1. Quick one: order Asp51, Asp80 by neighbouring beta-carbon count within 10 Å, fewest to most.
2. What number, in percent, do you get for the relative contact order of the chain if the mean sequence gap of Cα pairs under 8 Å and at least 6 apart is divided by its residue count?
3. Tell me, what is the FRET efficiency for Arg48 and Phe76 to the nearest 0.05, using R0 = 35 angstrom and their Cβ-Cβ distance as r?
4. May I ask you to list the residues of the range 77-108 whose amide nitrogen lies under 19 Å from a point 7 Å from Cα along the Cα→beta-carbon direction of Ala22?
Amino acid sequence: MSKNFYALGRLKTGQKNKTEQAYELEVLKPAMQDGSVSWYRFEGVKLRLADNTFYTPYYCVMRSDGTMEMHEVKGFWQDDARVKIKVAADMYPLKFIAVKRQAKKNGGGWSIEEF
């Protein structure tokens with residue numbers, strides 16, 4: 001009997017967890033409707049950081065002015081993820097944003113951290 005195991009609970013490539021789904025429904029789709037976002041893609045780019053080291057942001061987003069942003073959606077941070085987004089922000093001329101779900105007791109919504 002064979003079972004598939006994924007490190008630290010990460011889903012298969014291309015599958016969104018509940019937090020990523022909520023971000024798309026609550027932030028990205030409304031931004032498309034109001035015209036502030038022209039396009040987005042889940043796991044749409046893979047950035048090389050070094051030999052055999054890559055960073056795949058959860059969402060690649062193009063703003064209506066043509067600005068490209070990489071959006072990282074987090075429930076919590078793991079050390080390697082924070083290092084990778086910082087390295088990518090230093091290497092690539094793109095805007096890197098991390099969003100995290102705020103607790104309802106703290107007003108809900110999303111907190112934003114720019115790199």
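Here, each number is a calculation from the coordinates, and none is a lab measurement. A quick note: this is a predicted structure, and the numbers were derived from the prediction, not measured. Don't worry about glycine lacking a Cβ; one is built from the backbone with ideal geometry, like all the others, and counts go over all protein chains shown.
1. Details: Asp51 5, Asp80 10.
In increasing order of surrounding Cβ atoms, one gets Asp51, Asp80.
2. Numbers: 156 pairs, mean separation 19.6, N = 115.
Relative contact order of the chain: 17 percent.
3. Working: r = 26 Å, r/R0 = 0.74.
The calculated FRET efficiency here is 0.85.
4. 77-78, 98-108
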